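What follows is a single structure, written as structure tokens, with notes after it.
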Amino acid sequence: MALKTSTEAISITASAARPFIGQWFGNPGDVSADPAEVRRALHDVTQLVALVQHEGQTAIARGGVIHVGDDDPADAALPLLGFAPPLDPARLGDPSFCTDHGLRYPYMTGAMANGIASVELVEAIAKAGMLGCYGAAGQRIDVIAAAIDRLQASLGDLPFAFNLIHSPNEPSHEMRVVELYLARGVTLVEASAYLDLTLPAVRYRVTGLRADSQGRVIPRNHIIAKASRVEVASRWFAPPPRKMVDELVRLGHITREEADLSQRIPMAQDLTAEADSGGHTDNRPAITLIPTFLALRDRLQKEHGFDEEITPPRIGAGGGIATPASAAAAFAMGAAYIVTGSVNQACVESGSSDAVRKMLAEASQADTIMAPAADMFEMGVKLQVLKRGTMFAMRAQKLFELYRAYDSLDEIPPAERANIEKTIFRATLDEVWKKTRDFFLPFDPAQVQRADRDAKHKMALVFRWYLGLSSRWANAGEPTRQMDYQVWCGPAMGAFNEWTKGTFLERPENRKAAVVAMNLMHGAAVLTRINMLRGQGMHPDAGITTVTPVEG
């Protein structure tokens, strides 16, 4: 039997415990021990591959027929050491996630606020058969409405989502966003940063519920929630709170029928286990968070006894997904889908600036830090940001310490006040208050009225002026404010940079969202197949397992 050989040693060895698992029958010309051929075959996830033994070597065999379970090879066969079936990346995760949302791949780009998850990013991802979510948090109602109009016009029937963020300091804005989504027919949202359920979130989920001819509950609006705490996840996997539902009926926002039907479904059908991510995060390790949420899901499904016709709630994985290995690990742990964040901000379609994309391309895993969050400043909530090349985290922490130490702007010692006016605000605090006041008066005058009565709240609004604008300076690439850039970023960014080093994706201008996504999904499929071989006693070296980004 002819065998293509190589002067290099083969890159896969077999376990001595059970070297053969069956037989391979096929064309001798389709057998090769060339390491390059072995690698090429394993990375072609569209084809079944078999690893066979011939003349003391481990070789790759394409095509043919395999018989598993017969250790005594026939004369016309080669001993089978292991095999890997074809694995379309679309088959990773839970197929019901793709079916329910009209996707090809179980892949989602998360909603980075202030339009960093831009309409261009959502369009690129949707056209690639995946789910993109627009970053509506921090945006004015008219800006969000314009984004809805564009995406509905440009994508047609292709799926997309919009962000719904918990706004404890601006509950009226959260309700206006929900009313906009209901009015414009936005039927899928990603709910983020929730510490507890709110009336707007419940209203969104319950509005439009109906029963079909068999009595099954049919939701109109769907929520993909994000959580990193068991107590928060438990609320998303429970029916909407009866007290809130009754209040919505009293307010005339939902009907009594909708209220009654709501008790038969969970608040969210999908829940992303948010691990160590950029932005709002509890820095949870994915390796413990995902199985915890899966067990919680199973327990609550049984406890609440949802209708059998309803697909069981699904758990996705987000935070730290930036390489084929992390994507494959998430799917291997049972994730129905994966969500990327930091790496999308580094893509050319993001709403960030070229200056920020360059900063992100230079980041390592240690170049992140926790800093006070603008939207939950008074509560002491923090988010994860880029540390390298900016002083935002240090300056934001300074403002939070002043907020905790004093009850009004007037109590801040003159020297301290002069210092922050010069180095952080670049304006007097009185000037900043005037700008803040003018900002809130048109759409949320209650904030100004409260500040007039409460000096502590006035101080919070002034300090939040800096925290809020710092992300906008970054998005705009404002050159005079680069040291104040607030760039949401998790350690995934450093892992991505390490993976892409020396490849075309190392350069910021080559980072296109759909190309990055497909490389992650294809790489995850390759590594999943290689792990199948490991389970059969095969031990490939790094030359086989390394997944390199490819163009196109």
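The values are calculated or read from the model by the stated rules, or taken from the named source; none is laboratory data. Because the structure is a prediction, the values reported are computed rather than measured. Cβ atoms come from the backbone with ideal geometry, glycine included; neighbour counts cover every protein chain shown.
Below, the figures for the structure above:
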item	result
ARG511 vs. criteria surrounded by 21 or more Cβ atoms within 10 Å (Cβ to Cβ) and basic (Lys, Arg)	yes
Only listed residue being buried (at least 16 other Cβ atoms within 10 Å of the Cβ), at pLDDT 95 or above, touching a helix residue (DSSP H, G or I) at 6+ places or on another chain (Cβ under 6 Å) and not basic (Lys, Arg), chosen from HIS253, HIS222	HIS253
Residue count, the range 115-165 (criterion: part of a loop (DSSP other than H, G, I, E, B) and without any contact (Cβ under 8 Å) to a residue 40 or more places away in the chain)	4
Within the range 40-84, tally of residues that are under 27 Å from PRO106 (Cα atoms) and either in a strand (DSSP E or B) or free of Cβ contacts under 8 Å to residues at least 60 places away in the same chain (or both)	9
Any chance ALA542 is surrounded by fewer than 17 Cβ atoms within 10 Å (Cβ to Cβ) and among the aliphatic types (A, V, I, L, M)	yes
Pair list, Cβ < 8 Å and 6+ apart or interchain, from the range 351-367 residues that are of a type in the set (Val, Ile, Thr) to residues that are surrounded by fewer than 18 Cβ atoms within 10 Å (Cβ to Cβ)	VAL356/GLY477
Count - residues of the range 99-114 that are part of a loop (DSSP other than H, G, I, E, B) and over 21 Å from ARG176 (Cα atoms)	6
Condition broken by PRO442, with the remaining ones in (1) in contact with a helix residue (DSSP H, G or I) (Cβ under 8 Å, 6 or more places away or on another chain); (2) not in a helix (DSSP H, G or I) satisfied	(1)
Checklist (1) under 21 Å from LEU469 (Cα atoms); (2) touching a residue at least 40 places away in the same chain (Cβ under 8 Å); (3) over 35 Å from the mean Cα position of the chain (by Cα) applied to ASP407, failing item	(1)
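The rows are residues; the columns are (1) buried (at least 20 other Cβ atoms within 10 Å of the Cβ); (2) part of a loop (DSSP other than H, G, I, E, B).
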position	(1), (2)
ALA325	no, no
PHE331	yes, no
GLY334	no, yes
SER352	yes, yes
MET359	yes, no
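Residue-wise test of (1) at pLDDT below 95; (2) more than 23 Å from THR255 (Cα to Cα); (3) not aromatic (Phe, Trp, Tyr).
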position	(1), (2), (3)
PRO159	no, yes, yes
SER167	yes, yes, yes
SER172	yes, no, yes
ALA201	no, no, yes
THR207	no, no, yes
ALA211	yes, no, yes
GLY215	yes, no, yes
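Residues are listed down the side, and each one gets a yes or a no for (1) surrounded by 22 or more Cβ atoms within 10 Å (Cβ to Cβ); (2) touching a residue at least 60 places away in the same chain (Cβ under 8 Å); (3) of a type outside the set (Val, Ile, Thr):
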position	(1), (2), (3)
PHE504	no, no, yes
LEU520	yes, yes, yes
VAL526	yes, yes, no
VAL550	no, no, no
